[in-house]
1. Can you pull out every residue in region 123-162 that is under 13 Å from Asn83 (Cβ atoms) and either part of a loop (DSSP other than H, G, I, E, B) or in contact with a Cys (Cβ under 6 Å, 6 or more places away or on another chain) (or both)?
2. Taking the condition more than 26 Å from Thr40 (Cα to Cα), modelled with pLDDT under 85 and either assigned by TED's automatic domain parsing to the domain that holds Asn184 or assigned to a helix (DSSP H, G or I) (or both), does Leu168 pass?
3. Is at least one residue of region 295-303 within 29 Å of the chain's Cα centre (by Cα), under 30 Å from Ala166 (Cα atoms) and not basic (Lys, Arg)?
4. Out of (1) within 28 Å of the chain's Cα centre (by Cα); (2) not in a strand (DSSP E or B), the odd one out for Arg336 is which?
5. Please go through region 212-260 and pick out each residue that is under 27 Å from Lys11 (Cα atoms), part of a strand (DSSP E or B) and not small (Gly, Ala, Ser).
6. Pick from region 86-108 the residues that are of a type in the set (Asp, Glu) and part of a helix (DSSP H, G or I): which of them is surrounded by the fewest Cβ atoms within 10 Å (Cβ to Cβ)?
7. State whether one or more residues within region 189-196 are closer than 19 Å to Leu19 by Cβ and either out of contact with any Asp or Glu (no Cβ under 9 Å at 6 or more places or on another chain) or not in a strand (DSSP E or B) (or both).
8. Inside region 276-317, can you point out the residues that are surrounded by 13 or more Cβ atoms within 10 Å (Cβ to Cβ), out of contact with any Lys or Arg (no Cβ under 7 Å at 6 or more places or on another chain) and in a loop (DSSP other than H, G, I, E, B)?
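The values are calculated or read from the model by the stated rules, or taken from the named source; none is laboratory data. Quantities reported herein were computed from a predicted structural model and do not represent experimental measurements. A quick note on method: Cβ atoms are made from the backbone with ideal geometry, for glycine too, and the neighbour counts reach across all protein chains shown.
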Amino acid sequence: MTSLELRNVSKGFKSGKVLDDVSLSVTAGEIVVVFGPSGTGKTVLLRMIAGVHYPDTGTIAIDGEDVTEASPEARGVGMAFQNFALFPHFSTFENIASPLEARETPASKVKEQVGAIARMLKIDHVLGHAPRELSNGQKQRTALARALVAQPKVLLLDDPLRNVDAKLRYEMRMELPRLLRTFNAAVIYVTQDYKEAMALGDRIAVLRNGRIEQWAMPTTVYREPVSIEVARLFGDPTINLLPCKLEMNGAGGQVTVFGRRVPISGAYAHAVGRDLVAGLRPEHVVVTETEAPDAMQFDLDAVMPVNVRSVLYLRGAAGEELLATVSESESARFGRGQRKVWVRFAPGDLLLFDAASGQRIAPQVH
């Protein structure tokens, strides 16, 4: 059952329109990540669902009931913020218990529910501490416990891992999906970290300029981005973008990149005559030190280690730049760069975009 549904929601302020015709649905037990750069309207979207802001147009429904104009306390929504937003003069216990106290829950029930959620989040040993005595990780878990303790139908998480250290962020990316599913709430998780979006989301809604540009499973967003801009947002290092020409030859076609004609599916025939851009992910670029029949020669300018992979900076004969990634063990073969290497890639890994609109060109199979 759809627990949360937004239909054609728009919102503006004096500075202009922030959200424009946004539609989104989340089922019970599902995590939908709203991903996008800073300033795209992600937090405003959450505040409208919570009832802090009301939409100018459109409707918001929870469990099939229209709550567009309902008060925040009538919606059954829990929310955790990136800045924790804990009450400074309350203990950890009192912070977690505050939603239950607002509902006038009996004291014995409050103690039982707070204890249960604190044990689950491994903060039961700091229930008597004030927020100033907590680490950022403990503050984050306290804010999450407060959002979950009343077992909301809808849970809104506003970049909750942004202010915690890298180790805890990594651990919580693995732990959160399991934890959240035990509550069977419809979860909207906001972030501007694409790795977090890929790790946590059952589906990702890419929000740009107040509109949802793509809404799909993580693998689809990465492998079949709807536009150049979406493709750029996912991946580190970013996708290679190469101006190219498409020609048809019998049943098949070919694109010219780096001065070399590369065979491509005839399903792209409808794009002949348009100015195109080919997209190639760095991990799809194969770099070798020996020549191969289908390889192109490049200059290796530099090698930069990044986590457990290394980025190779390559330059073509006409000065074209190309990024490739290799494993940590492979990077040792290239030393510090500055040599001739050979590059190849599978034509099926190329993404084609319209140069004017930036939209991805999908193959058409008849």
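1. Within region 123-162, Asp159, Pro160, Leu161, Arg162 meet the criteria.
2. When the stated conditions are applied, Leu168 passes them.
3. Yes; the residues of region 295-303 include at least one that is within 29 Å of the chain's Cα centre (by Cα), under 30 Å from Ala166 (Cα atoms) and not basic (Lys, Arg).
4. Result: Arg336 fails condition (1) only.
5. Ile212, Glu213, Gln214, Trp215
6. The residue in question is Glu101.
7. yes
8. Answer for region 276-317, where residues must be surrounded by 13 or more Cβ atoms within 10 Å (Cβ to Cβ), out of contact with any Lys or Arg (no Cβ under 7 Å at 6 or more places or on another chain) and in a loop (DSSP other than H, G, I, E, B): Arg281, Val285, Gly316.
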